[in-house]
Structure formats: structure tokens, C-alpha cells
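What follows draws every value from the coordinates through simple rules; no lab data is involved. Since the structure is predicted, the reported quantities are computational estimates derived from the model, not experimental observations. Methodologically, a virtual Cβ is constructed for each residue, glycine included, from the backbone with ideal geometry; neighbour enumeration extends over all protein chains shown.
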Amino acid sequence: MSKKANKPGKKQVKPRVHRELSGFEVSINQFGELQTNMNIEKINKFLDENVDDKKLLEKEEKERLRNEKKKK
């Protein structure tokens, strides 16, 4: 992989994040490990509250369809 060179005239803009995660930063160290400045439990709690799990939604949909077929 090639590395992107930062041009001296451009300043890097930080991405917009949810206000609950303001100040959140992620980096990868020389060993390929993710390093964050926020506790992983706080991140997981935020994700549980704000993001739907697609696998769970698909499972619930399949169960609902199965139950409808049984009733017929």
C-alpha cells in the first residue's frame, strides 16, 4: 500500500462526530493495534443506544415470518 503524503499547504480537517463522542480519536500504532483516547465501554454503550444491529433485525424478521406461516 502506498502512503498518502500530506501536502504542506493543506491542513487536516477532523471529521464531524456525535456530540457525545466529541474529542474521540483513534490511531493505529506500529504493531497494528488500535489506540483510542476513550474508554471502550463508553464507546460500546453509545453504539448500543444509537446503532441498530442488522443481524438482530434480520433474525427478528425471520422469526416473525416463521410465526406468520405457522398461524396459516
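Taking the conditions exactly as written (touching a strand residue (DSSP E or B) at 6+ places or on another chain (Cβ under 8 Å), among the acidic types (Asp, Glu) and surrounded by 10 or more Cβ atoms within 10 Å (Cβ to Cβ)), does GLU60 satisfy them or not? In short, no. Across segment 23-46, the qualifying residues are those that are among the aliphatic types (A, V, I, L, M) and surrounded by 10 or more Cβ atoms within 10 Å (Cβ to Cβ), and the one among them that is nearest to VAL13 (Cα to Cα) is VAL26.
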